[in-house]
């Protein structure tokens, strides 16, 4: 009797632990999808030259930005890929904006974003039209709320 009760309790604890870790994994996937939606929205707003909506998907430091959208003919999102290498996160905290904004690690997510941009007048841009891959650093400002784009950078580790 005691042996069967012990086995039953062990089974219940095992079931509880598996559910707990499943919920954690589900929450991470939900966060990743929400962050991806933020990036997709940013590209949509850039294509539609909607500066005010674009400001809403960027962190507060971009509140006075004009984003130079008038010279973009079109910008197509090709791929969004989660960067899992912790070097990217350490760089953000040690050398990037993480030193300033005190965002918890669980409220930072980094993606490699591949896109194609075409400018109306190539002569006034510092870079050529074409395909680019950059890192997008998304945070939850003040460790709450929606995912916001806090930085975009060239270097990243896969």
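Read-outs throughout are calculated quantities, based only on the coordinates presented, and are distinct from any laboratory measurement. Everything numeric in this text was worked out from a predicted model, so none of it was measured. Counting neighbours? That spans all protein chains shown, and the Cβs are built from the backbone with ideal geometry, glycine included.
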Given labels modelled 7 Å from the Cα in the Cβ direction, how far is it in nm from residue 48 to residue 13? 5.4 nm
Quick check on the stretch 2-153: of the DSSP beta bridges with both residues there, what percent are antiparallel, nearest 5%? 95 percent
With runs of 4+ DSSP H residues as the only contributors, calculate the mean residue ellipticity of the chain at 222 nm using -39,500 (n - 2.57) per run, divided by the residue total and rounded to the nearest 500. -14000 deg cm²/dmol
Spherically averaged projected area of the chain from its Cα convex hull (nm²): 12.0 nm²
So for each of 142-149, 59-66 I average, over its residues, the number of other beta carbons within 10 Å; can you give me the resulting order with the highest mean first? 142-149, 59-66
State, as an integer percentage, the relative contact order of the chain based on alpha-carbon contacts under 8 Å between residues 6 or more apart. 22 percent
Give me the angle, in degrees from 0 to 90, between the Cα long axis of helix 2-47 and the longest principal axis of the Cα atoms of the chain, rounded to the nearest 10. 10 degrees
With Cα atoms, 0 to 90° folded angle of helix 86-95 axis to the chain main axis: 60 degrees
Ordering of 52-58, 109-115 by packing [mean C-beta count within 10 Å, highest first]: 109-115, 52-58
Under the 0.36 nm per residue contour assumption, what length would be gained going from the current alpha-carbon distance of residue 141 and residue 70 to full extension? 22.7 nm
Distance (nanometres) between label positions extended 7 Å along Cα→Cβ at residue 131 and residue 63: 3.9 nm
